[in-house]
1. His94's amide H: which non-local residues (gap 5+, or another chain) put their own amide H closer than 5 Å, with H modeled 1.01 Å from N in plane and none for Pro or chain starts?
2. Taking amide H positions as placed in the peptide plane 1.01 Å from N, state which residues far from Asp162 in sequence (5 or more) or on other chains have amide H under 5 Å from it.
3. Evaluate 2.2 N^0.38 Å with N set to the residue count of the range 106-151, then give the Cα radius of gyration divided by it.
4. Tell me, what is the 1.4 Å probe accessible area of Glu120, in Å² to the nearest 10?
5. Give a residue-ordered list of calculated ³J(HN,Hα) values for the range 130-138 (Karplus: 6.51 cos²θ - 1.76 cosθ + 1.60, θ = phi - 60°; whole Hz; x for Gly, Pro).
6. Given a 1.4 Å probe and every protein chain left where it sits, what share in percent of the accessible area of the range 86-147 is carbon and sulfur?
7. Using amide H atoms built 1.01 Å from N in the peptide plane, name the residues 5+ places from Trp148, or on other chains, whose amide H lies under 5 Å from its own.
Amino acid sequence: MITEFLSLLCLGLSLGFEDEKKNGEFSCIHLICSCIPSFLSDPLNSGRALAVITWKIQTNSEFFPETLTKPYLSALPSPVVEQGRNVTLRCLGHRHNVTFMLGKLQDSGYRQEQRSAGYEAEFLLTHLEPKDAGTYFCAYKTMDSQEWSEESEHLQLEVTDDRKKRRAPPGGKATRSTIAATCSCLSILLLFLSIFLINRCTQHDLSHEESTKRTSHSKLPQQEAMG
């Protein structure tokens, strides 16, 4: 029973790889099938042959493609960067000895690749301009895989123009200083004006009081003379 099963399995796999034969390529399936007759010559080795073939198929990426976990993309020191400054986009994967790729959603032609012996790669973007702003993502692949992993979550990079803001504070400070000086001068002027008015009122009251006293003193002799 095992003999018939192995023969049919080998036949099906060989037919499936007919194109590879035409191109002169050989897969591990052909090697497995070529080993079957030596195992089948002894019925006791039939179980061993089945185990070997099963293991080869399970470990063959042609049948079970390697699934790579989605990486993580971050911006250092921040995803909001002042124009003319630098930023580092770090892509963190889940395998070492891989090739990392950085892409941009708004530009299909934008692509940077970097080989890394570790689990991450850093892409340095220098002298940023407004055109560098956009949505970035990264992916990675191993040496054995031909397909990239799933793209990371998108990272929105913002480039701000703070040069105008840097020029604005001196004028703002000068304006505030002028306003403060003007207010101080007005306060001093009002203070002197208040003192002057208070002094005038005081002098007027004193003059009125003295005039009243002189009038009362002048009336007393007249009253005495009439009396």
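The values are calculated or read from the model by the stated rules, or taken from the named source; none is laboratory data. Remember, it's a predicted structure, so these values are computed and weren't measured experimentally. We work out accessible area using only protein heavy atoms, side chains counted, and drop any ligands, DNA or RNA first. Shrake-Rupley method; radii C 1.70, N 1.55, O 1.52, S 1.80 Å.
1. So His94 has HN proximity to no qualifying residue.
2. Gln83
3. So the range 106-151 has a normalised radius of gyration of 1.35.
4. Approximately 80 Å² for this residue.
5. 3J(HN,Hα) across the range 130-138, in whole Hz: x, 5, 7, 5, x, 9, 10, 8, 9.
6. 47
7. Hits under the 5 Å cutoff: none.
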